[in-house]
């Protein structure tokens, strides 16, 4: 034993911030033991960024959470997780720690940045109070001194006017600012390691670029090592030094970032990289039909027919409250969607994308201008006029987990539009049509008897697509339908979407902040910026040679799965952002 209470083997590992040795994690479930992690060996050096990638269920999050002892009581852990203090004065096997000893290393030695900052922050306390609480739990300092430290760390992560914003509540910040506050919480005690679990998944590409730049500064200025968990291979190429690929709980490949992207060795890694959408890549609508594919039905589309959607000088304003002026979300937009056409609508959060989609679906009133949907003028439309049109419109929501009723089976959820519009008397009589729809979206019909929580994210999104297609719509509105999916699952859902669009010939408004996904699917692309149409045209025109500075900045913000190219794009983004 050494003076620090560690063995000689552990002392040899002190040069690494964390050393994981033969980690195995098994969860006890009603159906028996489930092996989530199987014999993983990993290490992270000081100031290094290690990205752990893989599909949902690969064990990457379980492995990372073990470093902080954040697994539930149903988990049985074997192996060693050696976590070193930043100054090298102590090393602990986190897997063996309990109670106050475990609380002592959390925040001080390693900290966590969670995927969704809105759930990580307590909505009833000011953000400053939440940072101060962590500081005073580990340090014997006065509240005044802790407040000064909290203001300093908020300033360092880029929160404007931190002296005043420290007393604001989480709901008073944007999504990107909330993620910065969560990173500030993690940095407050100057830990040697930050575990970032999908820190940019729910963010726009421009905000994502800012957060990645912030994490890079955390590494360079604070000397903090980072374990990055993500399914976005562009983010990996942008930030990581080394990459560990996990599949079914096992570590299948590990290499420095440039080697892994240029010469992946394992077939799973190769398939993962092949699934990544790329701007200017092969467009799904141009791919050959699968000879074994049996279409649900086919529709002959008259491409020369009248527009399905036509907006002229469209304005949508949300009324102000408490004597405050209204907010104009959409300001003078002109756009059309032709029969059988896919229009990709891109832009940052707050640009008006979802507002336009909701207005087309009759869920948000039009303030001024004209919006014709399937021949019906939406400005001052009455419900009895629009009700017959509703069944001709399908809607795919961003998060099917919240759009499905958790008390209904998948079959009952998919049958809901059929029952509401009088096509079927009840879910039971709609079951033959539901089974047909489930098979069309490549789900076994037996999945209809399952509840939403019993399906994976990709399976729920397929079921959501089946529900949107239940009434054979002429227009489909897809609002960020793949943003939360792994790249491999996303690729399969997009393939399915393109195949169904070819078969059924529906027109589609595809809303997304992922330019590469839109480029794969859309016939035309429209770029929104603060409610104004900045640019419109084909993918080659808008993404190949963008004219508007905002589109150029948006494109430069998109990380690409190539470390060499991404390094160049990062410099371009910084130049355009100045």
(request) Answer with yes or no whether residue 450 is surrounded by 18 or more Cβ atoms within 10 Å (Cβ to Cβ), in contact (Cβ under 8 Å) with a residue 24 or more places away in the chain and out of contact with any strand residue (DSSP E or B) (no Cβ under 7 Å at 6 or more places or on another chain). (result) no
(message) So if I check each of 344, 332, which one is in the same structural domain as residue 520 (by TED's automatic domain parsing), within 27 Å of residue 521 (Cβ to Cβ) and surrounded by fewer than 17 Cβ atoms within 10 Å (Cβ to Cβ)?
(response) 332
(message) Among the residues in segment 33-42, are any modelled with pLDDT under 90, assigned to a loop (DSSP other than H, G, I, E, B) and either farther than 21 Å from residue 486 by Cβ or in contact with a strand residue (DSSP E or B) (Cβ under 6 Å, 6 or more places away or on another chain) (or both)?
(response) no
(request) Answer yes or no as to whether residue 89 is at pLDDT below 85 and assigned to a helix (DSSP H, G or I). (result) no
(message) Can you find a residue that is at pLDDT below 90, closer than 27 Å to residue 550 by Cβ, under 27 Å from the mean Cα position of the chain (by Cα) and not in a strand (DSSP E or B) anywhere in segment 324-332?
(response) no
(message) With the requirement that a residue be at pLDDT 90 or above and surrounded by 20 or more Cβ atoms within 10 Å (Cβ to Cβ), what does segment 396-430 give you?
(response) 410, 411, 412, 413, 414, 415, 417, 418, 430
(request) Please tell me if residue 74 is touching a residue at least 24 places away in the same chain (Cβ under 8 Å), touching a strand residue (DSSP E or B) at 6+ places or on another chain (Cβ under 9 Å), farther than 25 Å from residue 238 by Cβ and surrounded by fewer than 19 Cβ atoms within 10 Å (Cβ to Cβ). (result) yes
(message) If a residue counts only when it is buried (at least 24 other Cβ atoms within 10 Å of the Cβ) and within 20 Å of the chain's Cα centre (by Cα), which helices (runs of 4 or more DSSP H) contained entirely in segment 146-263 have at least 2 such residues?
(response) 175-187, 205-222, 233-239
(request) Residue by residue through segment 18-32, note down the ones that are at pLDDT below 90 and closer than 24 Å to residue 245 by Cβ. (result) 27
(request) Among the residues of segment 426-482, write down those that are in a loop (DSSP other than H, G, I, E, B), under 16 Å from residue 496 (Cβ atoms) and within 19 Å of the chain's Cα centre (by Cα). (result) 455, 456, 481, 482
(request) Kindly indicate which of 535, 541, 571, 567 is free of Cβ contacts under 8 Å to residues at least 60 places away in the same chain, in a helix (DSSP H, G or I) and either more than 30 Å from residue 241 (Cα to Cα) or touching a helix residue (DSSP H, G or I) at 6+ places or on another chain (Cβ under 7 Å) (or both). (result) 541
(request) Collect the residues in segment 364-379 that are outside any strand (DSSP E or B) and either within 17 Å of residue 508 (Cβ to Cβ) or outside the structural domain of residue 508 (by TED's automatic domain parsing) (or both), keeping them in residue-number order. (result) 374
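The values are calculated or read from the model by the stated rules, or taken from the named source; none is laboratory data. Since we're looking at a predicted model, the values are computed, not measured. We place every Cβ from the backbone using ideal geometry, glycine too, and count neighbours over all the protein chains shown.
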